[in-house]
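The values are calculated or read from the model by the stated rules, or taken from the named source; none is laboratory data. In this text, all values refer to a predicted model and were calculated from it rather than measured experimentally. Methodologically, a virtual Cβ is constructed for each residue, glycine included, from the backbone with ideal geometry; neighbour enumeration extends over all protein chains shown. The area values use the complete protein model at the heavy-atom level, side chains included, leaving out ligands, DNA and RNA. Shrake-Rupley method; radii C 1.70, N 1.55, O 1.52, S 1.80 Å.
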Amino acid sequence: MKRVFLFVLDSCGAGAMPDSESFGDIGVNTLRSCASSPKLNIPNMVSCGLGNIDGLDFLGTVNTPVGAYGKLAESSMGKDTTIGHWEIAGVVSEKPLPTFPDGFPKELLDEFSKRTGRGVICNEVGSGTDIIEKRGDEHIKTGSLIVYTSADSVFQIAAHNSVCPLDELYKCCEIAREMLTGEHAVGRVIARPFTTENGKYVRTADRRDFSLTPPVKTVLDAACENDFDVIAVGKINDIFAGQGITQKLATHSNKEGMQTALALTKKNFEGICFVNLVDFDMLYGHRQDIDGYAAALTEFDEFLPKFMKNMDANDLLFITADHGCDPGDNSTDHTREYVPLLIYGNIVKGGSYGTRDSFADIGKTVCDFLEISYNGEGKSLMPIILK
């Protein structure tokens, strides 16, 4: 029985890529910012070789890493969740998904309002927490939906649970997803429910992403076609619009995602367990909370020994990211960065595989390990990392 556990530490970048300035990112490095915090303590990832990766020696190095380590460049033209995960699964996006720095066209929002039966307010670019604080009272008074975007390819809809119940908000997102095609085909429509706690507006954990379907077959599709299990933990199912998934397990926090993955080590399945830990990005990167980000990395690191102990002899563990979101830069947006990749397992020899050209090398390695034929992008690391 062969199993792959693939953890995406959402937004855990490993330093600026050569083209980062063209994406508006100068000198960014998510892990370096986290290293400035006294809350960072990650000896287990360091023992796997994280600090031995080129440019990450500030994390501390070890003489004999217990895992294979290196970093990956993003070959897709983007720095968002959808494009990053698609590339991990073998799909390289040559064109960026559309963004709307001046807001969405009036005619689009008019049609959206007609279909949902609710008005629209805001239509701005900004931080969701700031926008909800600023426009929440107007939303409650009028019942209009708060629609906004960011530097990423997203159409976000925020609504108070008392004004627009969760089921209705999700339905509104489905309507938006149906409408946003062609030149308006954003990567994700995101439901952003919020409520009131102690007199303040607070987003709930019931966020949901409605993504584009991948344009071509992914590694996940190939695994399904070969009768392997593909278990999606966290928002993975949403990111791939359910395509190539055999089981979805929703989670609402990093802790819940880690515990779900740990429980799966005790299950008899063969194939891929694909886990997204979104708190790094959603709660700490976008909010520029360096200490919070560092503490979350520490929490994940403390989880690793127990998880590794539960792994079977033929299991492989991948730890990587989908883009950066430097909490120490001057922006709340994602950042164009390399991502680290640690690979651990009984069959893996410790050592460096250097800097690779694409996140897609992960998917190709997974296929090679599971002996699946896949004609997508990427080059397998199996010949390099096997004992």
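Details
- Residue check for ALA232: in contact (Cβ under 8 Å) with a residue 40 or more places away in the chain, in contact with a Leu (Cβ under 9 Å, 6 or more places away or on another chain), open to solvent by less than 40 Å² (accessible area, probe 1.4 Å) and outside any loop (DSSP other than H, G, I, E, B): yes
- Which listed residue is closer than 23 Å to PRO98 by Cα and either in contact (Cβ under 8 Å) with a residue 40 or more places away in the chain or open to solvent by less than 20 Å² (accessible area, probe 1.4 Å) (or both), from THR218, THR181, THR213: THR218
- Contact map, the range 348-376: first residue touching a residue at least 60 places away in the same chain (Cβ under 8 Å) and farther than 14 Å from ALA223 by Cα, second residue assigned to a helix (DSSP H, G or I) and open to solvent by 30 Å² or more (accessible area, probe 1.4 Å), Cβ cut-off under 7 Å, separation 6 or more or different chains; pairs are SER352/ASN52; TYR353/ILE384.
- Within the range 254-266, the only residue that satisfies the criterion of being surrounded by fewer than 16 Cβ atoms within 10 Å (Cβ to Cβ) and part of a loop (DSSP other than H, G, I, E, B) is LYS266.
- Any pair with Cβ under 6 angstrom, 6 or more apart, that starts in the range 56-73 at a residue that is under 12 Å from GLY15 (Cα atoms) and at pLDDT 95 or above and ends at one that is open to solvent by 60 Å² or more (accessible area, probe 1.4 Å) and of a type in the set (Asp, Glu): ALA73/ASP357
- Condition check for GLY328 on (1) under 14 Å from VAL28 (Cα atoms); (2) open to solvent by less than 10 Å² (accessible area, probe 1.4 Å); (3) not hydroxyl-bearing (Ser, Thr, Tyr): one failure, at (2).
- Out of THR81, THR99, THR142, one residue alone is of a type in the set (S, T, N, Q), open to solvent by 10 Å² or more (accessible area, probe 1.4 Å) and either at pLDDT below 95 or under 24 Å from VAL278 (Cα atoms) (or both). It is THR99.
- Qualifying position, being at pLDDT below 95 and either open to solvent by less than 10 Å² (accessible area, probe 1.4 Å) or of a type in the set (Asp, Glu) (or both), among ASP315, ASP238: ASP238
- Scan of the range 275-304 for residues that are under 13 Å from VAL8 (Cα atoms) and among the hydrophobic types (A, V, I, L, M, F, W, C), ordered by number: VAL275, LEU277, VAL278, PHE280, LEU297, PHE300
- Matching residues, the range 100-146, being polar (S, T, N, Q) and either closer than 14 Å to ARG192 by Cβ or part of a helix (DSSP H, G or I) (or both): SER113, THR116, SER127, THR129, THR142
- Scanning the range 18-36 for residues being open to solvent by 10 Å² or more (accessible area, probe 1.4 Å) and in contact with an Asp or Glu (Cβ under 6 Å, 6 or more places away or on another chain) gives a total of 1.
- The listed residue being within 23 Å of LEU59 (Cα to Cα) and of a type outside the set (A, V, I, L, M), out of ASP333, ASP326: ASP326
- Residue list for the range 15-50, filter: of a type in the set (Lys, Arg) and outside any helix (DSSP H, G or I): LYS39
- Number of the condition not met by ALA222 [criteria: (1) assigned to a loop (DSSP other than H, G, I, E, B); (2) over 17 Å from the mean Cα position of the chain (by Cα)]: (1)
- The set of residues from the range 1-33 being closer than 26 Å to VAL46 by Cα and of a type in the set (Asp, Glu) comprises just one member, ASP10.
- When the range 335-387 is filtered for residues that are part of a helix (DSSP H, G or I) and open to solvent by less than 50 Å² (accessible area, probe 1.4 Å), the ones remaining, listed by number, are ALA360, ASP361, ILE362, GLY363, LYS364, THR365, VAL366, CYS367, PHE369, LEU370, MET382, ILE385.
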